[in-house]
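Following: one structure in structure tokens, then a few remarks.
The values are calculated or read from the model by the stated rules, or taken from the named source; none is laboratory data. No experiment lies behind these values; they were computed from the predicted model shown. So basically every Cβ, Gly included, is an ideal-geometry build from the backbone, and we count neighbours across all protein chains shown. SASA here: full protein model, heavy atoms, side chains in, ligands and nucleic acids out. Shrake-Rupley method; radii C 1.70, N 1.55, O 1.52, S 1.80 Å.
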Amino acid sequence: MSCLQTIQDYGLRSIGIGERLLPRSDFTLCEQVTLIGSGMIWNVYFGVVALISGFFLATALAVAKASPRKGLRKPAEWFIFIFRGSPLFIQFFFGYFLFLSLKSQYPMFDAFTSAWLGALIVLYLNTAAYSAEIFYGALLSIPKGDTEAADAYGMTGWPRFKRVIWPTMLRLAWPAYTNEAIFLFHATALVFFSGFPAWQQKGDALYYASYFADKTFNPFVPYPILAGYFILLTLCVVGVFGAVNARLNRHLPQEARRKMRLRPNLIR
Amino acid sequence: MFSFCTDPDTLDQARWLACYLTTGVHLSFYMSFLKVLGLLAVTAPVALGFGFAGAMVARSHIAPLSWIGKAYIAIVRGVPDIAFFLFFVIALDQAFEYLRHKALCPDWDEPIRQGRDFVVCQAAKLPLGNAPQWVHETYGFSLAVITFSIVFGAFAANVIFGAMRAVPRAQLETAEAYGMTRRQTFWRVLVPQMWVFALPGLSNLWMVLIKATPLLFLLGVEDIVYWARELGGTKTPRFTDYPHGDWRMWYFLGLLVFYLAFTRVSEIALDRIMGRLTLGQATAGGEAQRKGAVA
Amino acid sequence: MKKTILTTTALALSAGMVFAAAHEKTIRMGTEGAYPPYNFINDAGEVDGFERELGDELCLRAELTCEWVKNDWDSIIPNLVSSNYDTIMAGMSITDERDEVIDFTQDYFPPTASAYVAASDAVDVTSGVIAAQTATIQAGYVAESGATLVEFATPEETVAAVRNGEADAVFADKDYLAPLVEDSAGELMFVGEEVALGGGIGMGLRESDTDLKEKFDAAITSMKEDGTLNAMLKKWFGEETATY
């Protein structure tokens, strides 16, 4: 079987398109690269959707945590503490358990026990908590001059937040937020490994990598392939976030921009 | 454990629980908490060492050295730790045994790779084939420490690298003006000042490290999550004196409390360290402390 | 610095020689410890079960010193071939794929039946949702049978999935399921046909370890001949189990 044929058969196997049965003997390098690559679809899906949706919740949480009102601040603080203070392993376990018991009560929760929704929700809450902490730190370090200038223009409420506070917060938080994005993509590898069951052998990159490691009894081929894919993914994330960073800082003079990047703001 | 534990079937609930929680497996479970704490205590300084060395190499003025440092940081950071753990420990173990084999058994004539088997001479085995179990466990534990340190060393290197560049340029120029050599400037001015910039990143790394401990089982160390899963699973009366249903939820709840408490304690400790490091530094935090002292 | 390293190496070397001369090599037996009644961790925290008892007896007959090591199922074969332990006794069925990589002794457990267990007898095992442990021969079989396969990381979770309705049935070794069905008070039951998978359970060894393989093979043969193996099988798997 040629490699092109393999790519046709297994390129989209992880989402159920192509050959129904996985290869079972005479594993070629091409099959391993194709199937593990196909599994990356899930890693990218989990990472991108959780990151984008988590971004909004994180902003809200950060503002709530910085709020002087106790009724807003306390819940946000607890949410962030619980999700940042416990391993993802345990969060997946409780997430799955919770969705199972909800499902037995109300049929509308049917989809929640499958990874595409259930694991996504756990990852979404997890990344929201981590990002919120980063955004909160950035909120506190917004230069006083910026907010004073906004006040001087008579800006209040929503326009003041949207046009002054929020852009500055993002600018300050961006390097650390890039790190969080990298960690989140790495965390997606845990979904099928410990948290949620894999249906019909549709799994993520790590699922296929361990499938091959198990069949060929040789961990030194599939896992480095997996590592290679993730390095590529990380480079993409760094590239995209770098472009956004450049856009966020486009109003600054060249010299100051360079300095921005050097800020040791590596908080996760 | 207790004298009344001879026949669990006859016990009332409180006593049953007391006996259940002190069985041999549970003692292993409690030991695994110490194991995890021990691993963290050893890994943190070693990883910091790796990080410091990595950062120093990455900012070296010799180009190939600096490439090696930067490649280490970029590659290890780019790979999920779980994928790294799945093959790296075996590779590390084989590498050690290969080196020892070369050193200890020069007149060995069989190939080391026989098909898929990796065979070295008896004297090169790590640990030796007749070593007691605790040596094997210690060896496995050290491999885990090294693997963890390499992974987290890369992250630490990234943080320290950034922190070294964040020390105000003027400070270094002052040192040069006093006639210090490059080496003196590095050790006497840059390194002491860098920590305050590195600490926020390093303390976050510590938090991430705490939460990576469930991956220890992949490295052959029986950690708390492994035991919680093992003990919480349904037990039928045929194989245990203490049968019970699926109790994983309660065990995981215990772990959750442990991790949250540990995180909280770490946060408080790190806040204190930060306060001490900020003292007298030319940063916003140091400025605030000075104002506080005056007022 | 260099000198200290040299001395330590020399020390380690001579110490190694002395040890190697003074003692027989200890055979390390790898197992999973999560698959009763084959192997599991007992209340005292030690490896226990059919394979523990059998393995100890085999070592006695082969005049070897043995000790038990736990290892995760996923990496149990890679760790064997890289010599971290010397044998595998973990309810491992002899299959062609595994036989290519490692060697097996003759089987010490007759070809096993795998069976479906469900919460109701109306389940159709060829079209329903079937749970199996990831990367077992049972998982491969279900994938081919046309049923919807759902894989869990541990055997424990596969049974839990049937109890909570995630899966219609679980497909696993019959001997693993039998005690669970017995103790479930009618909640779980066997459904469908039993399927014979694999060629019995044997002890896994490195292909280069032919001496050790011969020793254990001889020990298993002697246990089969004098009936001790059959007695052990009956003790752990009940009177009706297949014997030699």
Give the residues of region C:112-124 that are among the hydrophobic types (A, V, I, L, M, F, W, C) and within 23 Å of C:Gly199 (Cα to Cα), sorted by residue number. C:Ala113, C:Ala115, C:Val117
Here is a list: A:Leu100, A:Leu125, A:Leu139, A:Leu120. Which entry is free of Cβ contacts under 8 Å to residues at least 24 places away in the same chain and in a helix (DSSP H, G or I)? A:Leu100
What's the number of the condition C:Ile130 fails, among (1) in a helix (DSSP H, G or I); (2) touching a helix residue (DSSP H, G or I) at 6+ places or on another chain (Cβ under 9 Å); (3) open to solvent by less than 10 Å² (accessible area, probe 1.4 Å)? (1)
Among the residues in region A:229-240, are any over 21 Å from the mean Cα position of the chain (by Cα) and polar (S, T, N, Q)? no
Looking only at residues in region A:213-243 that are part of a helix (DSSP H, G or I) and in contact with a Lys or Arg (Cβ under 8 Å, 6 or more places away or on another chain), which one is farthest from A:Leu22 (Cα to Cα)? A:Thr234
Considering only residues of region A:196-215 that are more than 12 Å from C:Ala135 (Cβ to Cβ) and at the interface with chain C (Cβ under 8 Å from one of its Cβ atoms), which is surrounded by the most Cβ atoms within 10 Å (Cβ to Cβ)? A:Pro197
For the structure I just gave you, tell me whether B:Phe262 is more than 7 Å from every other protein chain (Cβ to nearest Cβ), among the aromatic types (Phe, Trp, Tyr) and open to solvent by 10 Å² or more (accessible area, probe 1.4 Å). yes
Return a yes/no flag: does region B:209-227 have any residue that is over 26 Å from B:Tyr139 (Cβ atoms) and basic (Lys, Arg). no
Report the residue count in region B:63-87 for those that are hydrophobic (A, V, I, L, M, F, W, C), assigned to a helix (DSSP H, G or I), open to solvent by less than 40 Å² (accessible area, probe 1.4 Å) and within 11 Å of another protein chain (Cβ to nearest Cβ). 7
If you check A:Phe185 against the conditions, is it more than 18 Å from A:Asn126 (Cβ to Cβ), in a helix (DSSP H, G or I) and either more than 10 Å from chain B (Cβ to nearest Cβ) or not aliphatic (A, V, I, L, M) (or both)? no
Residues of region C:50-72 being more than 14 Å from every other protein chain (Cβ to nearest Cβ), farther than 13 Å from C:Lys215 by Cα and touching a residue at least 60 places away in the same chain (Cβ under 8 Å), in sequence order, are C:Leu54
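Conditions (1) out of contact with any His (no Cβ under 9 Å at 6 or more places or on another chain); (2) part of a helix (DSSP H, G or I); (3) more than 14 Å from every other protein chain (Cβ to nearest Cβ); (4) free of Cβ contacts under 8 Å to residues at least 40 places away in the same chain, marked per residue:
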site: A:Val164; (1), (2), (3), (4): yes, yes, yes, yes
site: A:Leu170; (1), (2), (3), (4): yes, yes, yes, no
site: A:Tyr177; (1), (2), (3), (4): yes, yes, no, no
site: A:Ala181; (1), (2), (3), (4): yes, yes, no, no
site: A:Val191; (1), (2), (3), (4): yes, yes, no, no
site: A:Ser194; (1), (2), (3), (4): yes, yes, no, no
Filter region C:193-235 for residues that are under 21 Å from C:Val159 (Cβ atoms) and open to solvent by 60 Å² or more (accessible area, probe 1.4 Å) and give the result. C:Glu193, C:Glu194
What's the total number of residues in region A:217-241 that are open to solvent by less than 20 Å² (accessible area, probe 1.4 Å) and either more than 9 Å from chain B (Cβ to nearest Cβ) or without any contact (Cβ under 8 Å) to a residue 12 or more places away in the chain (or both)? 4
Among the listed residues C:Ile27, C:Ile88, identify the single one that is more than 8 Å from every other protein chain (Cβ to nearest Cβ), closer than 25 Å to C:Phe152 by Cα and modelled with pLDDT of 85 or more. C:Ile88
Go through region B:244-259 residue by residue and tally those that are open to solvent by less than 50 Å² (accessible area, probe 1.4 Å) and either modelled with pLDDT under 85 or more than 14 Å from chain A (Cβ to nearest Cβ) (or both). 2
Is it true that A:Ala111 is within 21 Å of the chain's Cα centre (by Cα) and either surrounded by 15 or more Cβ atoms within 10 Å (Cβ to Cβ) or part of a helix (DSSP H, G or I) (or both)? yes
Among the residues of region B:97-111, what is the count of those that are more than 10 Å from chain C (Cβ to nearest Cβ) and crowded, with 17+ Cβ neighbours inside 10 Å? 1
